[in-house]
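First up is the structure itself, then whatever we jot down about it.
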Amino acid sequence: MHIKFSCIGGFANLDLNFEIDMDELPKEKYEELQNLMKHADLHNAAQSKMVKTQGFDSFSYQLDIAVEKKKQSFSFTDTTAPEEVRPLLDYLRNLAIEIKLAE
């Protein structure tokens, strides 16, 4: 599974991006990410109607997931993301920060 993640905005106007194949992650991170994705129920979250609002210090998230030739894209903000998706977005944002600091 290939993941492309982008988080932009916030008070500090962050611009965090990364792409990774989940197989490249350490076992603990792989398992945590799998668990968060399962609990996020992205398919139902993407189908729900979300109000398009953007606060001054809100983040905007873009998440692209590719499994073999099937690709799915999801867009959220801090204010539109369903509760069950937020832990996944937090984890991915923190992973993006970790990757950026390691560069």
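Taking all protein chains in place and a 1.4 Å probe, what share, in percent, of the accessible surface of the chain do carbon and sulfur account for?
Of all accessible area on the chain, carbon and sulfur atoms account for 52 percent.
Multiplying the sequence separation of Glu24 and Lys69 by 0.36 nm and subtracting their Cα-Cα distance, what value in nm do you get?
14.3 nm
Kindly flag which residue pairs out of Lys27/Lys70; Lys38/Lys100; Lys4/Lys100; Lys27/Lys69; Lys29/Lys69; Lys71/Lys100 have an alpha-carbon separation exceeding 20 Å in this structure.
Violating the 20 Å Cα-Cα cut-off are Lys27/Lys70; Lys38/Lys100; Lys27/Lys69; Lys29/Lys69; Lys71/Lys100.
List every residue whose amide H lies under 5 Å from the amide H of Gly10, counting only residues 5 or more places away in sequence or on a different chain, with H placed 1.01 Å from N in the peptide plane.
Amide H neighbours of Gly10: Ser58, Phe59, Ser60.
Rounded to the nearest whole Å², what accessible area per residue is found for the chain with the 1.4 Å probe?
For the chain, the per-residue accessible area is 65 Å².
How compact and how long is the chain, expressed as Rg and Dmax of its alpha-carbon atoms in Å?
13.3, 38
The values are calculated or read from the model by the stated rules, or taken from the named source; none is laboratory data. Model, not experiment: these values are computed from the prediction. Ligands, DNA and RNA are stripped out before the accessible areas are found, and what is left, the full protein with its side chains, is counted by its heavy atoms. Shrake-Rupley method; radii C 1.70, N 1.55, O 1.52, S 1.80 Å.
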